[in-house]
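Following: one structure in structure tokens, then a few remarks.
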Amino acid sequence: MTDGSHLNTLISEAATPELPSLVKSDGTPMTVLQVVPAMDSGGVERGTLDMAKAIIEAGGKAIVASRGGQLVARLKIAGAEHVELPVHSKNPWTMWRNTGRLARLIKDRGVDLVHARSRAPARPAHRAARKTGVPFVTTVHAPYNINNGLKRYYNSIMTKGDVVISISEFVADYIRKNYQVDENKIRIVHRGMDTDSFSPHAVSAERVIQLSTQWRLPDGVPLIMLPGRLTRWKGQKVLLEALTHLRDIDLCCALVGSDQGRTAYRDELEKMIMDNDLLSRAFIMDDCNDMPSAYMLSDVVVSASTDPEGFGRVVSEGQAMGRPVVASDHGGAKEQLVPNETGFLFENEDAESCARAIRRALSLNAREREILSLKGQERVQKLFSKKLMCAKTVGIYRELISEKAITAQS
């Protein structure tokens, strides 16, 4: 059996990748413009903020164009510039006008590279980049639905980058199967976790006690947690049905996430809890402002998404916090988790399979749990850290900007 202290040493000694420099040979900063629909909460928005900080740390200048949102203030605190534009719009006239707006922004600010992270803003951003002669990068965050030719055309803009970043091998396979893209243009950069915040060592006992008191969960029983907004494809119903196959185990379950106005689905979940006699075992919590403590409070973390996710932060966050993770056997989860080593997979939408995986996770003895915990933390540190994501992406920026400069001189 692998020695736990050795794994702990590997985690503490995990190499921190260095950011490539975004300073030109004449000492001036390289300027990167990221274009996203809005800067509200969400994985794309957090990734945009993370990259803006990394661009500045690498000596570059970061600009973000969006319609605005709650994360704009954090962008400005980090030293990035935000330009409010209606780039979220799918209206053809507005998109056409956005091309001119972005082209002027590129010229006025001396932008060296444009990075589009969503379909609606990508089309005008692509035209503006080509019009001004600067490199264009896209990030594909998920496998988009393709149910007709128009949808395929709409999605295809995300494959038009000089480099097409995929957040997982799963998404890269989707791109290869559905679009004609030069293999050399596809770069896999996994979505990065904040391993400084999502670490068992970063969470105090006081924080965990405070959250436990707030949630008023039953004392002394294992907690199964499914984080994720209350929407059908996140699989809350699969987990609730799985609980009906675990009646012989004393446990409780927390569904953590806002209904975001989806009151009808929340009502369905509450009815399911009542109809299956789970009132004393299953609880719906609203958004949690201290997710690291929520993970620490949990004995098993579940990701039961019924649609395959491009990446899915829950799987990596749970491992980073040293918790056994139980996840649907599809999508990006299969890349993040090593079955029976850092967690357990179950057949998609199969409640009995989910129940068996949870039972296996709960049956781990103290030694097995320690080894699984340390292996999960090591895996996230080495493969899915925010620092690694930023270093790889900044490297792509520098590569394309430098190639453009060489081409211009020749």
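The values are calculated or read from the model by the stated rules, or taken from the named source; none is laboratory data. Bear in mind that the values here come from a model prediction, so they are computed numbers and not experimental data. Methodologically, a virtual Cβ is constructed for each residue, glycine included, from the backbone with ideal geometry; neighbour enumeration extends over all protein chains shown. Calculation scope for accessible area: heavy atoms of the full protein, side chains included, ligands and nucleic acids excluded. Shrake-Rupley method; radii C 1.70, N 1.55, O 1.52, S 1.80 Å.
Within region 240-264, the set of residues being surrounded by 17 or more Cβ atoms within 10 Å (Cβ to Cβ) and either part of a helix (DSSP H, G or I) or in contact with a strand residue (DSSP E or B) (Cβ under 8 Å, 6 or more places away or on another chain) (or both) comprises Leu240, Glu241, Ala242, Leu243, Leu251, Cys252, Cys253, Ala254, Leu255, Val256, Gly257.
Number of residues in region 147-169 that are open to solvent by 60 Å² or more (accessible area, probe 1.4 Å) and either assigned to a helix (DSSP H, G or I) or on the phi > 0 side of the Ramachandran plot (or both): the value is 5. When region 254-282 is filtered for residues that are in contact (Cβ under 8 Å) with a residue 24 or more places away in the chain and small (Gly, Ala, Ser), the ones remaining, listed by number, are Ala254, Gly257, Ser258, Ser280, Ala282.
Of all residues in region 125-146, those satisfying the criterion of being surrounded by fewer than 20 Cβ atoms within 10 Å (Cβ to Cβ) and over 17 Å from Val163 (Cα atoms) are Lys131, Thr132, Tyr144, Asn145, Ile146. Annotation note: Cβ proximity below 9 Å between a residue of region 73-97 that is more than 17 Å from Gly60 (Cα to Cα) and a residue that is open to solvent by 30 Å² or more (accessible area, probe 1.4 Å) and aromatic (Phe, Trp, Tyr) (sequence gap 6+ or interchain) occurs for Lys90/Tyr154.
In the set (1) within 27 Å of Arg379 (Cα to Cα); (2) assigned to a strand (DSSP E or B), the condition left unmet by His190 is number (2). A single entry from Thr213, Thr244 fulfils the requirement of being at pLDDT 95 or above, more than 25 Å from the chain's Cα centre (by Cα) and hydroxyl-bearing (Ser, Thr, Tyr): Thr244. Check whether at least one residue in region 302-310 is hydrophobic (A, V, I, L, M, F, W, C), under 24 Å from Ala205 (Cα atoms) and modelled with pLDDT of 95 or more, and report yes or no. Yes, the conditions are met somewhere in region 302-310.
Looking at region 220-239, is at least one residue in contact with a helix residue (DSSP H, G or I) (Cβ under 8 Å, 6 or more places away or on another chain), under 14 Å from Val300 (Cα atoms), open to solvent by less than 20 Å² (accessible area, probe 1.4 Å) and outside any strand (DSSP E or B)? Yes.
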